[in-house]
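What follows is a single structure, written as structure tokens, with notes after it.
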Amino acid sequence: MAPEPFNLEITPVDQYPQIISELRETFNSGLTRDLAYRKQQLRRAWEFLDENVDAIAKALYQDLRKPMQEVLGTEIAPCKEELLYFIN
């Protein structure tokens, strides 16, 4: 059975300058230099993958007709493996 379609919320173009400004401010503050901060961000990426497996699978099914098992084996697992490598 094919996953049901979902709606993707797209960031409006007029918000780009503010988002970019906030990201530059964070980078320029030096916060991203700290190893503990970077590892925390990697752990958050891991959590994001865990929490959004279904949405990622739906998107890949809609775009590429990839079934869930293929998504897990070729998309999610390799990402998690890389994250784990860099966290440790």
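The values are calculated or read from the model by the stated rules, or taken from the named source; none is laboratory data. Model, not experiment: these values are computed from the prediction. Note that each Cβ is placed from the backbone with ideal geometry, even for glycine, and that neighbours are counted across all protein chains shown.
Select from region 69-81 the residues that are surrounded by 12 or more Cβ atoms within 10 Å (Cβ to Cβ) and either of a type in the set (D, E, K, R) or touching a residue at least 60 places away in the same chain (Cβ under 8 Å) (or both) and list them in ascending order.
Within region 69-81, GLU70, GLU75, LYS80 meet the criteria.
Among the numbered conditions (1) over 30 Å from LEU60 (Cβ atoms); (2) modelled with pLDDT under 95, tell me where PRO17 comes up short.
All conditions are met except number (2).
Scan region 6-21 and give yes if some residue there is surrounded by 10 or more Cβ atoms within 10 Å (Cβ to Cβ), part of a loop (DSSP other than H, G, I, E, B) and either touching a residue at least 60 places away in the same chain (Cβ under 8 Å) or within 19 Å of the chain's Cα centre (by Cα) (or both), otherwise no.
Taking every residue of region 6-21 in turn, at least one turns out to be surrounded by 10 or more Cβ atoms within 10 Å (Cβ to Cβ), part of a loop (DSSP other than H, G, I, E, B) and either touching a residue at least 60 places away in the same chain (Cβ under 8 Å) or within 19 Å of the chain's Cα centre (by Cα) (or both).
Does VAL53 fit the bill of being over 13 Å from the mean Cα position of the chain (by Cα) and free of Cβ contacts under 8 Å to residues at least 60 places away in the same chain?
No; evaluated as a whole, the condition is false for this residue.
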